[in-house]
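Worksheet: one structure, shown below.
The values are calculated or read from the model by the stated rules, or taken from the named source; none is laboratory data. Note that the coordinates shown come from a computational prediction; the quantities given were computed from them, not determined experimentally. As a convention, Cβ positions derive from the backbone with ideal geometry for all residues, glycine included, and neighbour counts pool all protein chains shown. All accessible areas refer to the heavy atoms of the entire protein, side chains included, with ligands and DNA or RNA removed. Shrake-Rupley method; radii C 1.70, N 1.55, O 1.52, S 1.80 Å.
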Amino acid sequence: MTTKSAPEARNLHQKAHETVQAASGERALGDPMRGLAADEIIATREILASAGLVSGSTRFVYVGVDEPVKAAVLAGAELPRVVRAIILDQASGASHDARVSLSAREVVKVDEIDGSMGQAPILDVEFESIYDTLGKEAEWHAALAKRGITHEQVALAPLSAGNYGFDDERGRRVIRVLAFMRQFEADHCWAHPVDGLCAYVDMIEGRMFKLVDDQVFDIPAEGGNFDDPEVQGAPLDTLKPISITQPEGPSYTVKGDEVSWANWKFSIAFDAREGLVLRRIRFTDADQGGVERDVIYRASIAEMVVPYGDPSPSRFWQNYFDTGEYVYGRYANSLTLGCDCLGEIRYFDATLADEFGNPRVIPNAICMHEEDYGTLWKHTDIYTGSSEVRRQRRLVISFFTTVGNYDYGFYWYLYLDGTIECEAKLTGVLFTSAYNPDAGDYASEVAPGLGAPYHQHLFGARLDMMVDGVSNAVDEVDVVRMPMGEGNEYGNAFTKQRTRLRTESEGVRDADLTVGRAWHIVNTEKKNRLGQPVAYELLAQGTPTLLAAPESVIAQRAGFTRKHLWVTRYSPDERYPAGDLVNQNPGGDGLPRYMEADRVIDGEDIVIWHTFGPTHFPRVEDWPVMPVDYAKFTLKPYGFFGRNPTLNVPASQDRGGACHSGGQTATEHHETQTSGCACEGHGH
């Protein structure tokens, strides 16, 4: 990305401002949680400038909605429009966290960020300056020369530094830099790591203050240019096109940020830090006279961390918080029809602030579409001859973001039966090293001499629950084997154990697949028609939590990754699992600190925080570009409804007729089954 002067950037983004304003006629102006519009970003910059907080060297690190207190929003109160802006003066290093009232056109609060509990996230302009900074360092040139290469041959990876308490880093804004060689301009550098070498750079002083030159490794020579037709080989030409059409158009309607689909209603927002945010997810219950019933007030992936397991002197520090350190929403991709999204698509643009405080638009940042999802329910009855089948479908809301070598897709699925899922899709290119088996088993060899260190991807979902209201609690439900004996003479009995989590200290839990553990988020004041608490259950995949030693720096900085579940009482200032300022945070912040009060969570307004994600021992097949890996969690209604809520889903119509047989016998039905019912597509 080319750095532009402030006037150039302002002119460039004025066009984006005009485009957004022209397209935002449907914007629900009364919604205090809505995403920022271009004119609001411009106003934020103007108000901060008039307060003397903006100079020529000021850069805007984060600009987003300072969301009002939940109770006030639910009460329908008229609320001021407040924006949060984190700004950094590159010349002095001074950083401020400001609250700007657009309603009153004034700065209502400003705090200096002194670095004791973390620094402002990293700027793109800081990344861009690294090449020239190291180009001035004689020691850096000498280290490259030892390896037979020059500065002009390398691509640099500037990376977040963490906080290891080193004396020479106190008070500094630090970036650590690894190098990769490029054999030619279009060469993918990840195939050629320049290992054993790491530069520590002070971003305010603009100089390297330390060089770790631990060991000289051979630079792997084999390329990894997956986009080169010669590398790809002959195209697989036996694949026929798949065309997904909806001749009558999609089933959803969109008004501004508000979406209605089937029985679901919700709002969409996009945040520079969290990316896609879903708000006020609710279900229209036909069995209760069409009442809209809340499920989730706000859902997002509020943090993610990628801890690496290579303990070598040049790499021990590799732990990246892509949300809190890099503000990964700003790297959202512009999605492409037929490539990223297939079918009848509705796109949503994202309007964010650039580093000069001017608006920029990411076109097609969010993709929404319907998908057929196979059989919803089906039964052929041997007594009545009835044979019925209905098809499941889901609404998909997604975005993709690219953070360095990795690409992450986040997909939220809403199903006809009330199920909600969030799935992370991981692809891109492995972060590589020189393969050195003598140093220990901490990496896979994925190409000759090329290593891929073991690592994890741990996502932190923040689910501000609202199951039929704000009086919620969590029950932990485990299966229980019953011993043989009186009442279970044949040993076939088993049951379940339900444990209410009453305080925050009790709400810190691990998944346990050996007992089929689920967590039921129940409403403590409402019951279904059978007298059971209405609830949604959280089903976790139960993959490993953080594997680093409990006393390690990363375990302190990413405390949320040590458990699968955290339940807290809602508080408006508790937004992020690893804390507010993650970059160079010394640790102990975020969820461990939130829990210290040990508040009651039984029958309260609660937030569910769920840690999930894969542990990656890279395969040879993951190189040179990684097929998508998946991680997800599921929320399913459990007593939320009085019966199956999809009985009224119509039978599909296809060339053979409707997907039901009425009074046919089972034999007659099997002789006349139609394509498009149990199986979608052409019948042969």
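Tabulated results
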quantity: Spans of strands (runs of 3 or more DSSP E) in region 430-516 with at least 1 residues hydrophobic (A, V, I, L, M, F, W, C) and either closer than 28 Å to R298 by Cβ or open to solvent by 10 Å² or more (accessible area, probe 1.4 Å) (or both); calculated: 443-447, 458-465, 472-481, 494-501
quantity: Of the criteria (1) over 30 Å from V305 (Cβ atoms); (2) crowded, with 19+ Cβ neighbours inside 10 Å, which one Y408 fails; calculated: (1)
quantity: Selection count where residues are more than 15 Å from the chain's Cα centre (by Cα) and in contact (Cβ under 8 Å) with a residue 40 or more places away in the chain, scope region 289-304; calculated: 5
quantity: Flag for Y630 being under 30 Å from Q232 (Cα atoms), hydroxyl-bearing (S, T, Y), at pLDDT 95 or above and open to solvent by 60 Å² or more (accessible area, probe 1.4 Å); calculated: yes
quantity: Restricting region 349-376 to residues that are aliphatic (A, V, I, L, M) and open to solvent by 30 Å² or more (accessible area, probe 1.4 Å), the residue that is nearest to R330 (Cα to Cα); calculated: V361
quantity: Tally of residues being more than 21 Å from E126 (Cβ to Cβ) and either crowded, with 21+ Cβ neighbours inside 10 Å or among the hydrophobic types (A, V, I, L, M, F, W, C) (or both) across region 195-229; calculated: 9
quantity: Any hit, region 207-218, residues being among the aromatic types (F, W, Y), over 30 Å from I301 (Cβ atoms) and without any contact (Cβ under 8 Å) to a residue 60 or more places away in the chain; calculated: yes
quantity: In region 269-299, the residues that are in contact with a Leu (Cβ under 7 Å, 6 or more places away or on another chain) and outside any loop (DSSP other than H, G, I, E, B); calculated: F270, I296, A299
quantity: Subset tally (residues that are of a type in the set (S, T, N, Q), within 14 Å of A272 (Cα to Cα) and in a strand (DSSP E or B)) for region 347-369; calculated: 1
quantity: Of all residues in region 146-187 being closer than 23 Å to G404 by Cα and of a type in the set (D, E, K, R), the one that is surrounded by the fewest Cβ atoms within 10 Å (Cβ to Cβ); calculated: E185
quantity: All helices (runs of 4 or more DSSP H) inside region 22-139 with 1 or more residues being acidic (D, E); calculated: 38-50, 124-135
